[in-house]
Amino acid sequence: MTTGKHQLPALHNAMWPGLVGKGQGSEPAIDLDTMLRLTAAADVDGTKFDGVDLFLSLPHTDIDSTDDDLKALAGRLAG
């Protein structure tokens, strides 16, 4: 059995904090485009996020999304 070692651990920003504790009677949810922009701009001593973990729920993603909706979402995430 061979085990691989990562030079660095992958660092992902979980998108669900933009929703937790937010909503009716509280702060508004942070919209997906803002979360993506802030994640892409984050940098601590040259370390940046390698990706995002998207919370598949409203308001970010509708459970009834069509294939075209999901393709558009994938394009936004890739950008």
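The values are calculated or read from the model by the stated rules, or taken from the named source; none is laboratory data. Please read these numbers as outputs of a predicted model, since none were measured by experiment. All Cβ positions, even for glycine, are placed from backbone atoms using ideal geometry, and neighbour counts span all protein chains on display. These accessible areas exclude ligands, DNA and RNA; they are computed on the full protein's heavy atoms, side chains included. Shrake-Rupley method; radii C 1.70, N 1.55, O 1.52, S 1.80 Å.
What the table shows:
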| quantity | calculated |
| --- | --- |
| When residues of the range 11-39 are limited to those that are in a helix (DSSP H, G or I) and over 16 Å from Leu73 (Cβ atoms), the one modelled with the lowest pLDDT | Pro17 |
| Matching residues in the range 39-79 - criterion: being in contact with a strand residue (DSSP E or B) (Cβ under 8 Å, 6 or more places away or on another chain) and open to solvent by 80 Å² or more (accessible area, probe 1.4 Å) | Asp50, Phe55 |
| Close pairs (6 angstrom Cβ cut-off, 6 or more residues apart or separate chains): closer than 17 Å to Asp50 by Cα in the range 13-26, surrounded by fewer than 13 Cβ atoms within 10 Å (Cβ to Cβ) and at pLDDT 75 or above anywhere | Ala14/Asp53 |
| Whichever residue in the range 10-29 is among the aliphatic types (A, V, I, L, M) and under 11 Å from the mean Cα position of the chain (by Cα) and, among such residues, is least open to solvent (accessible area, probe 1.4 Å) | Met15 |
